[in-house]
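See below for the structure under consideration.
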Amino acid sequence: MPATRLDGKQIALEIRGEVARDVQQYVAAGHAPPKLAAVLVGEDPASQVYVRNKERACAKAGIASRLDRMPATTTPDELLERIDSLNQDESVNGILVQLPLPAAPAGQPALDERTVLDAVDPIKDVDAFSPINVGLLMQGRPRFLPCTPHGIVQMLHRSKIETAGKHVVVVGRSEIVGKPMAMMLAQKDGSCGPETANATVTLAHSRTGNLAEVCRSADILIAAVGRPEMIRGDMIRPGAVVVDVGINRVGDRLVGDVAFAEAEQVAAAITPVPGGVGPLTIAMLLHNTLLAAKLQAGDCSIG
Ligand SMILES: NC(=O)c1ccc[n+]([C@@H]2O[C@H](COP(=O)([O-])OP(=O)(O)OC[C@H]3O[C@@H](n4cnc5c(N)ncnc54)[C@H](OP(=O)(O)O)[C@@H]3O)[C@@H](O)[C@H]2O)c1
């Protein structure tokens, strides 16, 4: 029997509806609508689409947004100045810098991602990339959870997929997906999402020996690699849950890191690409923007 498809679109809509209702209540209590500022440097077409989608999603949830477009010729100082002014601007609750940053023109210093992300005030860091927010997550008392892994946790929970006592294999150790994903699922209690923790986690990467065997030992396999269809059907244990984070353009198609047609014959449940993890990332960004506004208004204390 083919695997159950985990419908990320539907779960994301549910979460977005919840955020919109919370925003309404927040505004009804006398607050200004939460506001997200997106900084987009350069003209990367995919980044422009991502930012536009985020703006639309904000509008639908009653969240205000502003887009700061900066040319690809922006210097590091100019970008840091812009972030500083957004940090100081009390009307802005959340700041995101759209990645990747463009390469610097010849003769100009490069825009260093780490330096730029570190400059965002941790209380406005809705992507949860700052060392403070990463540290709080590590300690099991997160303030903001990074959007993609948080979306996956929500999807597992809302699909009634238990992680406690399960072996989760995460393939990919990026700062934005793999590492925080592993950390969230390994937490002792529900601090990183209701009842979604207490897993035994293996974090695999390009230097992992016998990746196929490691993957086959997973009850839940999460692929965040960026290589089209590299996880084949024979790398999946029959009855496993497969979460495909990858978004890879192959010709005019978007494909994941998992060979879907093979995997769905083996797995018990699987996320499609597109329509799986992607929509959840934006939903959790909205959640974080409202949380940022509440924290700044002193409405809730976390961390
Ligand atoms: N759905 C969403 O909202 C969303 C959000 C973010 C990213 N993504 C997608 O998710 C994918 C991963 O993104 P990312 O930013 O996490 O990736 P990344 O920073 O490029 O990291 C890729 C990871 O995969 C590992 N890797 C590469 N080749 C491998 C191999 N042959 N075997 C095992 N591991 C291998 C790398 O290992 P090393 O560390 O050893 O190099 C690295 O840890 C991309 O397709 C991206 O577009 C989707």
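Values in this text are rule-based calculations from the coordinates and carry no lab data. Remember, predicted model here, so these are calculated numbers, not experimental data. Every residue, glycine among them, receives a Cβ derived from its backbone with ideal geometry; neighbour counts consider all protein chains shown.
What 222 nm value per residue comes from the helices of the chain, counting each DSSP H run with n ≥ 4 as -39,500 (n - 2.57) and dividing by all residues, nearest 500 deg cm²/dmol?
Values: 10 runs with 116 residues, N = 303.
Using -39500 (n - 2.57) per qualifying helix, the result is -12000 deg cm²/dmol.
So for each of 178-186, 18-26 I average, over its residues, the number of other beta carbons within 10 Å; can you give me the resulting order with the highest mean first? All intermediate terms of the calculation are to be shown ahead of the outcome.
Details: 178-186: 23.3, 18-26: 16.6.
With the highest mean Cβ count within 10 Å placed first, the list reads 178-186, 18-26.
Does a label point 7 Å from the Cα of Arg66, set along Cα-to-beta-carbon, have any residues of region 86-121 with amide nitrogen under 14 Å, and which are they?
86-96
Enter the Cα centre distance for the pair region 144-179 and region 5-50, rounded to the nearest angstrom.
Answer, in whole Å: 20.
Would you kindly compute the Cα radius of gyration of the chain and its largest Cα-Cα separation (Dmax), both in Å?
Rg, Dmax (Cα atoms, Å): 19.3, 59.
Give the dimensionless ratio obtained when the Cα radius of gyration of region 31-122 is divided by 2.2 N^0.38 Å.
Taking N as the residue count of region 31-122, the ratio is 1.09.
Classify region 245-303 as rounded, prolate or oblate from the Cα gyration tensor: take a ≥ b ≥ c as the square roots of its eigenvalues, call it rounded if a/c is under 1.5, otherwise prolate when a/b beats b/c and oblate if not.
On the way: a/c = 5.09, a/b = 2.54, b/c = 2.01.
It comes out prolate by the Cα gyration axes.
Which whole-number percent gives the relative contact order of region 31-122, counting Cα pairs below 8 Å spaced six or more residues apart?
Details: 126 pairs, mean separation 35.0, N = 92.
Rounded, it is 38 percent for region 31-122.
How do 117-123, 31-37 rank on mean C-beta neighbours within 10 Å, highest first?
Details: 117-123: 19.1, 31-37: 21.6.
The densest-packed peptide leads the list: 31-37, 117-123.
Among the helices of the chain (complete DSSP H runs), which have Cα atoms covering no less than 15 Å along the helix axis and a Kyte-Doolittle mean of at least -0.5?
Values: long enough: 8-28 (30 Å, -0.25); 45-61 (24 Å, -0.76); 76-88 (18 Å, -0.92); 147-158 (16 Å, -0.02); 278-297 (30 Å, 0.95).
Length and hydropathy pass: 8-28, 147-158, 278-297.
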